[in-house]
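Contents: one structure, followed by commentary.
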Amino acid sequence: MDVTTRNAVSLANIFLRRALLGGVLALAACTSAPSFSQLGSAVQTTTQYALGRLSQLWASPEDALIMLHRQVGTEYEQKIGLANPTTLPGDNFLLLMALTTNGRTTGRFELNQFIEHAGGVPAPFKKIDERNLRSATDGLGVYFWQEYDAGRQTRCVLAFRRLEPHARVLPKGANAMDVMLRNCVHGSTQTALKPIQDAQIRLGVVADVSTRSGGNLTLSPLAAPLQ
């Protein structure tokens, strides 16, 4: 097994262990009758990710290693694990959440709700201050990010954007797509931001959001399937 395959297998195992652990802890914490909002949160927390195929990605980040997917209520998610050349704690990932509203408006982008839905602010970031977010515009619209400088030319970004139907072709049934990127790299801010920018997020599989995308994961043409 080559280095790329070993790294992908290791990352897949880490992602899946964390998803399973989150479900176990949430169930263990349910010692009293929850409210409706708590029930919604519990369903979100205990809905496990399944392993998907890289051929079914909704985006095309160059460093994609694995894809996990799940449905939470009417929302469909893909979490794409990205290569991480740094030693900083945490995983590099691109999270895409397809919003389906059955013809209703999706409302404005709520950053704090999105972060909460995604499981909180990922390390090494501590918190997000909307007032201090940087922004830029590309062919798909505006995106926002916060930076973390780890020294020695290591840069992390936590970036967000919402994609509307006029910006790109969304998965069938989706009214909008919210995106989060956590990426730590040896390089510049622009390098770290690439997976959320138009060149890499514009293209991807256009399919019904409810289409199953499970099965064996293809890591590379030469990689063996996960055992």
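The values are calculated or read from the model by the stated rules, or taken from the named source; none is laboratory data. As the structure is a prediction and not an experimental result, all values here were calculated from the model. Side chains are part of the model used for accessible areas, which takes the heavy atoms of the whole protein and leaves out ligands, DNA and RNA. Shrake-Rupley method; radii C 1.70, N 1.55, O 1.52, S 1.80 Å.
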**Enumeration of residues in the range 71-85 that are modelled with pLDDT of 90 or more and open to solvent by 20 Å² or more (accessible area, probe 1.4 Å)** = Lys79, Ala83, Asn84, Pro85
**Message:** Thr154 - would you say it is modelled with pLDDT of 95 or more and more than 20 Å from the chain's Cα centre (by Cα)?
**Reply:** no
**Request:** Would you check which residues across the range 111-148 are of a type in the set (Asp, Glu) and at pLDDT 90 or above and list them?
**Result:** Asp138, Glu147
**Request:** Inspect the range 135-145 for any residue being at positive phi, open to solvent by 50 Å² or more (accessible area, probe 1.4 Å) and not hydroxyl-bearing (Ser, Thr, Tyr) and give the result as yes or no.
**Result:** no
